């Protein structure tokens, strides 16, 4: 069973409910700030009468905060970050894979701004297959991102890799990113959901759509002020590219959720010559935006240079994807009218 | 080793070469009309001097007829069928999954024509998971397709399932289709390559890009007058849709081959509400066309009704995908200029 | 609907039923020798009264000939071939991937015999990714296999690739093999099911267990005197070996079918050093047998040399897998007792 | 480049090396206690002369601590935990998926002991797809595990989900488990490698063998006193079972590493009736052990009941897998002799 409490539940009320639940024979587990899961068998009737308790229902079999209610009309829940609204119009997030140093980051940030993109990405904490690879500049990198935001006005998206870093990253970023390798790191999701910033949640590289929605539920049940979903390619038998970008996840998720869905064609393909085609395809598939990696010297990039677009090519790409997005919007409005 | 013979090799010359090859200790195997593979070890020098022999080279490690030569500039090889050129502009192939009867087919064919599509599809021989499912009308279905072509002027694409049917299907169709389940049925490819009609070769549902190119090689080495590649979704862990449409195969193949590449979002998703988004995405990814399934009564369709778009929705969809394709072409030309 | 007719249905009766079905508004399609599928809507009552008709039922949603009936106790249906019963005890099938020549085949066949294996395998028709690769000796290869059987007494398993070859292959072989690339080539299955010989049906490299059972249904509905299922590895993201051998398919299929299930660790791994471990594992998983590729000169094998075990290592391997199979059988009997 | 320092590097020496590296123009990053990765370009010669520096070499392209050296003879590195040596003989780890309460755990622990297993498993921190599911008893669960160890003498294996829990879990457990969802949570690996306890590292559900070895490298470079690898099933298109148990990973990993490799057929299949067959197969494939989930009331288990074997069936299963393991060992010794 799941106890739904009042949002303004006091500490004393919570304690009393937990005690009563245990007395009634349940294992009780807090979920977010005002829900309590019950396991085992017992009598819920005394709980129903307690102050702070709104209702008791079976534990949900679908991710009710993340999934649209059965039969409800689609209505995207926009996510606001630094003045940008993700989910209305078409957003472009761009920047280097990793923050490698101050001057390079600032230059790339200005290129991102000039190309007409909306947000700046860049990793200060990087998950790397080999421990000997560059793992990011950490706090120093976060400070560089803050400076880039100040100079360009672009809100920032950057990743946290573990619970201990969430508060620090949240202090510096506009949107906190959870990467594909951590989509099932549930304590990290819990911490991220509590940090006060919206979260960009990448799909796990072998996660089903349902598991992805449940991961968003972890964030939302903790009170995340917004969740942006990001398809970034899945693992399949097909090894000609780094990943298989599952663009059908865009319309398929939009059938199930109001959370905005964007696409990362850089990781999704792992190879720069593929990025423009797949960025366009993402816009055509109805995505709410794309996230693109750029680098001015891809061969020497400290991470994922193979998939980085040159800054000089960004502007044209941004223009084309926006044109496609606009065309799709008009077509949809015509169809619905 | 591989012996390249003259294209006008006579029967007597071929026989002499084969005999000489065997005398020299090789296992010799004809490949197409004027190539001979040699296995084992022996002396090739006597072969080089024989009439009809052009050269002897190591057996190829890549599909040299299907793949673009290293370093060569991309230049699509258009495939002409019934006056339509696939590979120039953007083609739309549409029609029912299976030919179910004369009047229904004719109605759907007219709807395809009116919606502005270029070719008519429809299966007379259907590969079905269950032997109890509808396997198609066979020759009768082919005759209906021929009538539909006569009435609408639309060239026809239809599938052959086994070597014994190839000649008959080729007699009625403009483009012979090889389905995903048969991409590795090599005797069927050999027969299809010889039938005199261009071939639409669907990607095997678990075929790598390299295997797909080799399958095209089977067709081309037999003299197929044209090959159209068709991405139709692959098998992955992701089971929310029938298949995972691998749109990155479009630009990835275009990096390797000049054969036109089209996309089948109907099988690729298996679910009609997903088809428009993925058809648009295919156009944006740079595909040379799409193949769409339609049905006027999807719930009662004898095959794959779940993925069929209504005829009434086809026109708008065709218009939008063509607009996107045009926009992408302009963007590419601008970039190259 | 599906009409079940009497097994001794006469031609005239069949014709009358088909005509009546069409008159009633159905599309009628023969399935095997005495079943007729009906599509569309109509009145079945006149059909019920016709001579030769036993009953009419909804078209089956599961492969009723291949799958065990709900609730029935497992009881393997042994397949007899050349005096060997597959499904009782543990069988070992061994031999070269391809028949490359007479003397080599005979030597290998004797090695197979001496190692204690039960059946001889060897391909006369080989499906190859590249058209330039060795595709087998065809009829000549079949004759060599027949000689090997005569000399050693070992029954033979060999593959047919297309409908046109089935009769010829069936004439020479004891068990007709359908390979992984053709598991969904339904006309081939239909022909194989009619050829009078038992069929060894390899699992398609991306086939689900349900699709595999339906493929067996195609064989059984045509009257195949026996079907042996053979797991041979599937396509997954994991590319360190040629395939991922899905040994869990053995117990999972045994939960659903009485057909014997064997394992091919040679194709399943594609690498000789892995074969002994996986052959043993197959026996321990409860398989009814294994199929092993051997070659005396793997580096020069015309096909799949990398996965061939040396003849000298075969005997020890056969002994160990039999010991494991025996141990498992005793454990199972103890548990059930 | 990678600087290999002396193992007894002092803090002052480390600081000096890092400063000198930065002065030379490198980005410097500590890896474990006595290695420093350098990024960018610069002159390494001044570094070579510094106290504490042993050598400077290119950053490794393979996981040198986890992988066996090219050409070296296989020699398993046994992992000792609570008196049990994993990697010598065949170990059985068994216990409930989650610790659900004191009395149940103690009962199950005694059953594990009586069945002849070697270690006790049980989760106090559980990663769950839904936030509303039971996530474990936390510290309380760890204390119950400690009591179970005291009563039965069985060493304990239990999982940590995030960096903040590692120290606490390490205090209570004999072997620290990293689960499949966290195999790529690199900060967690780093923390686990430093905790002083051996680590059981499950394969990520979509991790390649190479990525798995790199994850082990993260542990080893931090000084982990031992690493046990555990195959637990991968994600594939095949959905008849929860996962596809990749048993070929056992011999394939043993070709590359001396770390012991065990198998978890409970998660690997997700269904109790499949567990005995796959546990036996794991032993036959040469695994160093198996990890099995048991529960006395699977239908009411708070986690993964579907895959739990009954305690009453454990003893027979343990006996059979040990017999198979012994038989395989004898066969291997015979072959090598």
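The values are calculated or read from the model by the stated rules, or taken from the named source; none is laboratory data. On a predicted model such as this, the values are computed, not experimentally measured, just so you know. Neighbour counts run over all protein chains shown; Cβ positions are idealised from the backbone, glycine included.
Checking the condition away from chain A (no Cβ under 12 Å) and either at positive phi or in contact (Cβ under 8 Å) with a residue 40 or more places away in the chain (or both), which residue from D:241, D:229, D:209 passes?
After ruling out the rest, the residue left standing is D:209.
Among residues belonging to the stretch B:1-50 that are in contact (Cβ under 8 Å) with a residue 60 or more places away in the chain and assigned to a loop (DSSP other than H, G, I, E, B), point out the one that is surrounded by the fewest Cβ atoms within 10 Å (Cβ to Cβ).
B:33
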Query raised in the report: With (1) assigned by TED's automatic domain parsing to the domain that holds residue B:121; (2) in contact (Cβ under 8 Å) with a residue 40 or more places away in the chain as the list, and residue B:65 as the residue in question, which single condition is left unmet?
Result: (1)
Report task. Could you tell me which residue of the stretch A:286-304 is farthest from the other protein chains (Cβ to nearest Cβ), considering only residues that are touching a strand residue (DSSP E or B) at 6+ places or on another chain (Cβ under 7 Å) and over 30 Å from residue A:257 (Cβ atoms)? Result -> A:303
Report summary line: With criteria (1) touching a helix residue (DSSP H, G or I) at 6+ places or on another chain (Cβ under 8 Å); (2) free of Cβ contacts under 8 Å to residues at least 12 places away in the same chain, residue D:182 comes up short on (2)
Query raised in the report: Scanning the stretch B:300-312 for residues that are closer than 19 Å to residue B:113 by Cα and touching a helix residue (DSSP H, G or I) at 6+ places or on another chain (Cβ under 6 Å), which turns out surrounded by the fewest Cβ atoms within 10 Å (Cβ to Cβ)?
Result: B:311
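Quick one: in the stretch A:274-284, which of the residues that are under 22 Å from residue B:266 (Cβ atoms) and either out of contact with any strand residue (DSSP E or B) (no Cβ under 8 Å at 6 or more places or on another chain) or not assigned by TED's automatic domain parsing to the domain that holds residue A:226 (or both) is surrounded by the most Cβ atoms within 10 Å (Cβ to Cβ)?
My answer is A:281.
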Requested in this report: Just give me the residues in the stretch D:264-281 being free of Cβ contacts under 8 Å to residues at least 40 places away in the same chain and closer than 9 Å to residue D:233 by Cβ, in sequence order.
Outcome: D:265, D:268, D:269, D:270
Query raised in the report: Can you tell which of A:87, A:83 is assigned by TED's automatic domain parsing to the domain that holds residue A:304 and at pLDDT 95 or above?
Result: A:87
Query raised in the report: Considering only residues of the stretch D:195-211 that are in contact with a helix residue (DSSP H, G or I) (Cβ under 8 Å, 6 or more places away or on another chain) and over 18 Å from residue A:237 (Cβ atoms), which is surrounded by the fewest Cβ atoms within 10 Å (Cβ to Cβ)?
Result: D:196
Report task. Mind telling me which of the residues C:168, C:219 ends up being in a helix (DSSP H, G or I) and closer than 25 Å to residue D:238 by Cα? Result -> C:219
**Report entry** Meets criteria (touching a helix residue (DSSP H, G or I) at 6+ places or on another chain (Cβ under 7 Å) and either part of a loop (DSSP other than H, G, I, E, B) or on the phi < 0 side of the Ramachandran plot (or both)) for residue D:70
**Finding:** no
Query raised in the report: Given the structure, is residue A:189 closer than 30 Å to residue A:237 by Cβ and either surrounded by 24 or more Cβ atoms within 10 Å (Cβ to Cβ) or not assigned by TED's automatic domain parsing to the domain that holds residue A:33 (or both)?
Result: yes
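Okay, residues lined up against (1) part of a helix (DSSP H, G or I); (2) at the interface with chain C (Cβ under 9 Å from one of its Cβ atoms); (3) within 20 Å of residue C:274 (Cβ to Cβ):
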| position | (1), (2), (3) |
| --- | --- |
| D:268 | yes, yes, yes |
| D:276 | yes, yes, no |
| D:314 | yes, no, no |
| D:317 | yes, yes, no |
| D:324 | yes, yes, yes |
| D:329 | yes, no, yes |
| D:333 | yes, no, yes |
**Report entry** residue B:86 being surrounded by fewer than 21 Cβ atoms within 10 Å (Cβ to Cβ) and more than 12 Å from chain C (Cβ to nearest Cβ)
**Finding:** no
Query raised in the report: Looking at the stretch B:227-250, is at least one residue assigned to a loop (DSSP other than H, G, I, E, B) and within 26 Å of residue B:30 (Cβ to Cβ)?
Result: no
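Somewhere in the stretch B:313-324, is a residue closer than 20 Å to residue B:79 by Cα and in the same structural domain as residue B:110 (by TED's automatic domain parsing)?
yes
Per-residue answers, yes or no, for (1) away from chain A (no Cβ under 12 Å); (2) buried (at least 24 other Cβ atoms within 10 Å of the Cβ); (3) out of contact with any helix residue (DSSP H, G or I) (no Cβ under 7 Å at 6 or more places or on another chain); (4) modelled with pLDDT under 95:
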site	(1), (2), (3), (4)
B:236	no, yes, yes, no
B:247	no, yes, no, no
B:255	no, no, no, no
B:263	no, yes, no, no
B:272	no, no, no, no
Query raised in the report: In the stretch B:138-165, how many are facing chain C (nearest Cβ under 10 Å) and assigned to a helix (DSSP H, G or I)?
Result: 3
Report task. Determine whether the stretch C:46-55 contains at least one residue that is at pLDDT below 95, within 14 Å of chain B (Cβ to nearest Cβ) and over 30 Å from the mean Cα position of the chain (by Cα). Result -> no
Report summary line: Residue hits (the stretch A:285-299; part of a loop (DSSP other than H, G, I, E, B) and surrounded by fewer than 24 Cβ atoms within 10 Å (Cβ to Cβ)) are A:286, A:296, A:297
Requested in this report: Considering only the stretch C:139-161, state which residues are without any contact (Cβ under 8 Å) to a residue 60 or more places away in the chain, under 20 Å from the mean Cα position of the chain (by Cα) and either surrounded by fewer than 22 Cβ atoms within 10 Å (Cβ to Cβ) or not assigned by TED's automatic domain parsing to the domain that holds residue C:227 (or both).
Outcome: C:146
Query raised in the report: Quick one: would you say residue A:331 is surrounded by fewer than 22 Cβ atoms within 10 Å (Cβ to Cβ) and touching a helix residue (DSSP H, G or I) at 6+ places or on another chain (Cβ under 6 Å)?
Result: yes
Report task. Collect the residues in the stretch B:88-137 that are in a strand (DSSP E or B) and touching a residue at least 40 places away in the same chain (Cβ under 8 Å), keeping them in residue-number order. Result -> B:91, B:92, B:93, B:94, B:95, B:98, B:119, B:121, B:123
Query raised in the report: Which ones in the stretch D:51-67 are in contact with a helix residue (DSSP H, G or I) (Cβ under 7 Å, 6 or more places away or on another chain) and either outside any loop (DSSP other than H, G, I, E, B) or within 30 Å of residue D:153 (Cα to Cα) (or both)?
Result: D:53, D:56, D:67
